[in-house]
Amino acid sequence: MTILSADWVLPVEGAPIANGAVALRDGRIEAVGTVAELGEGQRFDGAAIVPGFVNAHTHLEYAVYAAFGDGLSFAPWLATHIERKARIGREETEAIARLGAAQCLASGVTTVGDASFAGAAAHACSDLGLRAIVYLEVFGSDADGAVEQFRAKLDYVRPALSERVRAGVSPHAPYTCSTAVYLACLALDVPVMTHFNESQDELDWLVRGEGPMQPVRELLVEPDGQTGIRRLAAAGALDARVVAAHCVKVDPDEIELLARHDVAVAHCPRSNAILGCGVAPLAELRAAGLRVGVGTDGISSVPSHDYFEELRAVVGSARARSEDAGALSPADALELGTLGGARALGLADEVGSLVPGKRADLAVVTLAGTPYVPWEDPAAAVVYGGGSQQVLATLVDGEVRYERGGFRWHELTDAASRARNLLLQEAPARAQPR
Ligand SMILES: [Zn+2]
């Protein structure tokens, strides 16, 4: 048995424990209590032990896509990424995904819900010991074609799959996937992730067939006058296996439809802000009883995988939207980023809180040198004062998967920046057909 102790243990289910300790055995949590009860074991002074964060929406394969198309509206931003992504192959994509997975572990993240274009994220998570559901992306109008895309990607990721790294499917979004594709994805009986109501551009296309999406219309499904949520709800294509990223531009009726079908939401406030999409109605989503987690989204739209930055944005955007400092507490944000994400991904029986019997997925965060010690509110200290630089260790299944300074970052970043260099090269002019 291994014992870890710190100034505070924040189990998330249960009150914070001053001078707390966690006992681990065989990859699971054996006990949570005080040092007086469990002993000191390995001691972390000036630190808090928290459940590993559940990053509910990532695109690890875009870890070096920083600022591509920055400042463009959603549709041309998306087109920039699609065009550049075609410039690299599998080897480069794997190198990028490894960097992304390492950055998540270094930020105290122990589980990701990753929307994966290529499947490389599954190999990266398996190699680095990061728990994941890797949702393999499919696109188009043709259901059989989408299932073929899924099967081909599944063949590539199969060697990486385990109890820790599982495969799901991701019909990308209602503007790139038909209702038939969504129904075919549900019939695969694996976890499902999608993107709903992220931008006004999306709604302009789906509802009226107009707006900035028109130039990429060959990639889109034909509009039928409804938002994706309404269209899919009417077709019976929403259920509790579906995790929907964003849900920024949702009206009360759509929130009710999501709640009725128990669709979970991955809230990504930094991505939504930086892309100019808006602020999701987090209070309304929670009030409707939806399962809500927090995702960074990909580096294609946010500057970092620093999960603490995301949690601060969760608090800040909720308070700014409601003009109410009491709208969301740091403890609420911490719960959304751990247990909330685990519930959203359907993993709450196994992870998301420090409770005996659950997987020993946790992070040790030092607050030494921040303005939050001496301690007053430990959740506020972790959420406001934490950062990737302050994560001392991240454990998955009781195994240390990251220790501060422990990764060979130069190898990870060298390979990934070579891939970024290729992404930045202009494609040669296409030869004229003869
Ligand atoms: Zn996404």
Worksheet item: Of the numbered conditions (1) within 26 Å of residue 131 (Cβ to Cβ); (2) part of a loop (DSSP other than H, G, I, E, B), residue 363 satisfies every one except a single condition; which is it?
Response: (2)
Fill in: Filtered residues of the stretch 208-265 (kept if open to solvent by 20 Å² or more (accessible area, probe 1.4 Å) and acidic (Asp, Glu))
210, 218, 222, 224, 239, 251, 253, 256, 262
Worksheet item: Which one is surrounded by the most Cβ atoms within 10 Å (Cβ to Cβ), of the residues in the stretch 287-301 that are over 8 Å from the mean Cα position of the chain (by Cα) and of a type in the set (A, V, I, L, M)?
Response: 299
Response to the item:
Note on the stretch 71-96: residues crowded, with 20+ Cβ neighbours inside 10 Å, within 19 Å of residue 218 (Cβ to Cβ) and small (Gly, Ala, Ser) are 75
Item to complete: Output the residues belonging to the stretch 269-300 that are more than 15 Å from the ligand (Cβ to nearest atom) and either touching a helix residue (DSSP H, G or I) at 6+ places or on another chain (Cβ under 7 Å) or of a type in the set (Ser, Thr, Tyr) (or both).
Response: 278, 279, 282, 283, 284, 285, 288, 289, 290, 291, 292
Worksheet item: Looking only at the stretch 196-207, which residues are open to solvent by less than 50 Å² (accessible area, probe 1.4 Å) and polar (S, T, N, Q)?
Response: 197, 199
Worksheet, complete the sentence: The condition of being over 27 Å from residue 355 (Cβ atoms) and touching a residue at least 60 places away in the same chain (Cβ under 8 Å) holds, among 63, 56, only for 63
Discussion item. Can you report the number of residues in the stretch 244-268 which are away from the ligand (no atom under 13 Å from the Cβ), under 30 Å from residue 67 (Cβ atoms) and free of Cβ contacts under 8 Å to residues at least 60 places away in the same chain?
Written reply: 2
Item to complete: Mind telling me which of the residues 317, 304, 329 ends up being of a type in the set (Gly, Ala, Ser), in contact (Cβ under 8 Å) with a residue 40 or more places away in the chain, under 26 Å from residue 116 (Cα atoms) and open to solvent by 20 Å² or more (accessible area, probe 1.4 Å)?
Response: 304
Discussion item. Condition first: surrounded by fewer than 24 Cβ atoms within 10 Å (Cβ to Cβ) and touching a residue at least 60 places away in the same chain (Cβ under 8 Å). Now tell me which residues in the stretch 348-363 satisfy that.
Written reply: 353, 355, 356, 357, 358
Discussion item. Quick check on the stretch 25-42: of everything there that is part of a strand (DSSP E or B), open to solvent by 10 Å² or more (accessible area, probe 1.4 Å) and touching a residue at least 40 places away in the same chain (Cβ under 8 Å), which residue is nearest to residue 348 (Cα to Cα)?
Written reply: 28
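The values are calculated or read from the model by the stated rules, or taken from the named source; none is laboratory data. Model, not experiment: these values are computed from the prediction. Glycine gets a Cβ as well: all are built from the backbone with ideal geometry, and neighbour counts include every protein chain shown. Surface areas here come from the heavy atoms of the whole protein model, side chains and all, with no ligands, DNA or RNA. Shrake-Rupley method; radii C 1.70, N 1.55, O 1.52, S 1.80 Å.
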